[in-house]
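Visitor: A single structure is presented below for examination.
Readers should treat all values here as calculations from the given coordinates under stated rules, not as data from a laboratory. Every value quoted in this text rests on a predicted model; they were computed, and no experiment measured them. Using ideal geometry, Cβ is built from the backbone for each residue, glycine included, and neighbour counts are taken over all protein chains shown.
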Amino acid sequence: MLTFIMLSCAKPVPVEAPAPAPDVHQELMAFFDQVHAEELAANPISAAYLGVEHDDTQWTDISEAHELQQVRLAQEHLDALRDRFGSRELDEQDALSVRMFEARQQRRIEGARWFLHGYRVHQMYGTHTFVPSFLTTVHRIEDEADARSWIARVDGVPGLFAQLGEILAVQEDKGILPPAFVYPHVLKSIDNLLTGAPFSDGEPSPLWAHFDEQVQELSLSDEVQQELRAEAKRALTESLQPAYRSLYEVLSSHVPTEDDGVWKLPEGAGYYAHRLRRMTTTDMAPDAIHELGLAEVARIHEEMRQLMPALGVQGDLKALFDHLRSSPDYVLPNTDAGREAYLELARGYVTAMEARLPEVFDILPKAPMEVRRVEPWREGSAGKAFYQSASPDGARPGIFYANLADMTQMPTYQLEALVYHEGVPGHHMQNAVSQELDELPPFRRFGGFGAYGEGWGLYSEFLPKEMGFYEDPASDAGRLAMELWRAARLVVDTGIHHKRWTRRQAIDYLMENTPNPEGDAERAIERYIVMPGQATVYKIGMLRIVELREAARATLGEDFDLTGFHRAVLGHGPVPLDVLGERVEAWVSASR
């Protein structure tokens, strides 16, 4: 899952525009670089993700006061852009950058209204899981200074959690609490993190094991290594552990409601409408999204019926679903050996696809990607699979994480499509290519739009079918099952947050209309409840990409070039869906 920007931008940019004086372009790029530097100065965590050394002992301020300060800064940047470049003559790409920058700043300003509405702690992510994830996967320990910075960040956790506590207190006062089912997941993840040395007897805890392993690899004297280990143990037990125990007590004292959708929150309908606009980058109403989901579910059901003979399944669609859920042929052993076999299968799919990418892409990622198991300490609350972007400097690879806590919930018939979505040609390829578009300003290379990013991910499951992949009928059923899952998301997300469905109603809908096991359905619905609107982006984005592709094919006929279409989609970085349409239309015009 990605971080998403929003919405359309104002007036379309002409396909052809006079070339500006070179100094105008350079001045504009310098302005964007300055804004980027100021934003990173205020956000050391974002700087770390991008491989930029800045305040590597600090956490980003998450307080409401800091958010308001950043909103004021966004308005200042917006005013400065309009004052300096509003009447200047710009080429097409620079005009698009200006337009997208305006939309980006407006998004930040408008989003401030809903700062307190988002759940800050839940089973999918939050400050409580972000801290150990960041310390073990992003904060580098390549020398003694890095190790001491890591310790300093651990010592900074109480201050970070104090800010979190202030937000949670205000949210509790306003009645903005996640549903009751969230709390056992969160409290268990805290217990898991604080289990083992140096917090208790037993095997090393995840944080301690990571730090100790990293320090052992440094070329340092035994004396310095021992000093670093002692300081890390002190910071973990005297700073981090009390902060987590305090958070545990605060969360244990909450009395949440049993209601699930965000309709229960103050101005809940307005908040959900905001989330849908932000996620989909469209103005689609909840009812329209719901009906689109029902139509897509019906269409995919029919495609799955056509596949039943190849799978040797007789009867109705329910018989197919029961077969996919219960057949032992699609489940690897729930052992370490079974988990490693799953990861090796995934790596094999990655290798096979990478060899074929040049057939349909002439813009390829340079950054490598690894396939990893979700760490045991967070697999109980993490999603089924997700992608973490590579660092732009190449020091950290992209990572496709698979949650292998329960192998019965990770059937192999879905694995091929899952690899294409999270890896290549999906999220890894799209994100790495975007980061490597050096001619674009930073905010366009490193930003994101939900419908664009996840729409591309779902399109990346569909494209390999046209390339001759999914040779096994079971894998093809997995592809359709995955697309069906995303279509059903349109139904259940709007059902929960707009039509006031209960958690149980939404789970039952998935069980009746998809082949996924019940545990999968339960975790999915719990995810959609705490992340309103996000589940709608996959199908809406994918349908738009396919619609644009087929319109281009109809217009260009034999001159249609799939490689050129993909460059038009990927070559401008992440964009809202209306801008994506303009870019593809401009490519079609140029191709004609």
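Visitor: Let me check I've understood the local charge: for His427, count other residues with C-beta under 13 angstrom from its C-beta, Lys and Arg +1, Asp and Glu -1. What total comes out?
Guide: -3
Visitor: Considering only DSSP beta bridges whose two residues both sit in the chain, what percent are antiparallel, to the nearest 5?
Guide: 40 percent
Visitor: Next question, about the same structure. For the range 154-188 and the range 405-430, write down the distance between their C-alpha centroids in whole Å.
Guide: For the range 154-188 versus the range 405-430, the Cα centre distance is 32 Å.
Visitor: Lysine pairs, Cα distance under 22 Å, 8 or more residues apart or cross-chain: how many in the chain?
Guide: Lysine pairs, 8 or more places apart or on different chains, close enough: 6.
Visitor: Moving on to the next point. Considering just Cα atoms, how many Å³ per residue does the convex hull of the chain enclose?
Guide: Spread over its residues, the Cα hull of the chain gives 154 Å³ apiece.
Visitor: A further question on this structure: Using a simple charge model, +1 on the beta-carbon of Lys and Arg, -1 on the beta-carbon of Asp and Glu, nothing else, what dipole does the range 127-257 show about its Cα centre, in debye to the nearest 20?
Guide: 580 debye
Visitor: Can you give the local net charge around Pro411? Use residues other than it whose beta-carbon is closer than 15 angstrom to its beta-carbon, Lys and Arg +1, Asp and Glu -1.
Guide: Within the 15 Å Cβ shell, the charges total -3.
Visitor: What order do you get for 481-494, 90-103 when each peptide is scored by the mean count of other beta carbon atoms within 10 Å, highest first?
Guide: Going by the mean number of other Cβ atoms within 10 Å, highest first, we get 481-494, 90-103.
Visitor: Could I have the simple spin-label model distance between Asp362 and Ala42, label points 7 Å from Cα toward Cβ, reported in nm to one decimal?
Guide: 4.1 nm
Visitor: Could you tell me what a quarter of the Cα convex hull surface of the range 80-196 works out to, in nm² with one decimal place?
Guide: Mean shadow area of the hull around the Cα atoms is 12.0 nm².
Visitor: Now for a separate question. Only Lys, Arg, Asp and Glu count, each charged at its Cβ (+1, +1, -1, -1), so figure out the dipole size of the chain about its Cα centre, rounded to 20 debye.
Guide: 1500 debye
Visitor: While we're looking at this one, here's another question. Using the basic label-point model (7 angstrom from Cα toward the beta carbon), what is the Asn334 to Glu89 distance in nanometres?
Guide: With each label placed 7 Å out from Cα toward Cβ, I get 7.0 nm.
Visitor: Within the range 536-575, list the residues whose amide N lies under 19 Å from a label point set 7 Å along Cα→Cβ of Arg592.
Guide: Within reach of a label on Arg592: 547-562, 564-566, 568-569.
Visitor: Next question, about the same structure. State to the nearest 20 debye the size of the charge dipole of the range 22-115 about its Cα centre, where the only charges are +1 on K and R beta carbons and -1 on D and E beta carbons.
Guide: 400 debye
Visitor: Let me ask something else about it. Going by Cα centres, the range 257-314 and the range 112-148 are how many Å apart?
Guide: Measuring centre to centre over Cα atoms gives 30 Å.
Visitor: While we're on this one: Farthest toward the dipole's positive end in the chain, which of Gly51, Pro358, Leu292, given Cβ charges of +1 (Lys, Arg) and -1 (Asp, Glu) about the Cα centre?
Guide: The residue sitting farthest along the positive end of the dipole is Leu292.
Visitor: Right, next: Report the Cα centroid-to-centroid distance between the range 22-57 and the range 454-491 in angstrom, as an integer.
Guide: Each part's Cα centre sits 37 Å from the other's.
Visitor: Still on this model: So, R0 is 56 Å and r is the distance between the beta-carbons of Lys499 and Asp222; what FRET efficiency does that work out to, to 0.05?
Guide: 0.30
Visitor: Taking the DSSP beta bridges in the range 270-543 as the whole, what percent of them are antiparallel, to the nearest 5?
Guide: Once the DSSP bridges in the range 270-543 are tallied, antiparallel ones form about 45 percent.
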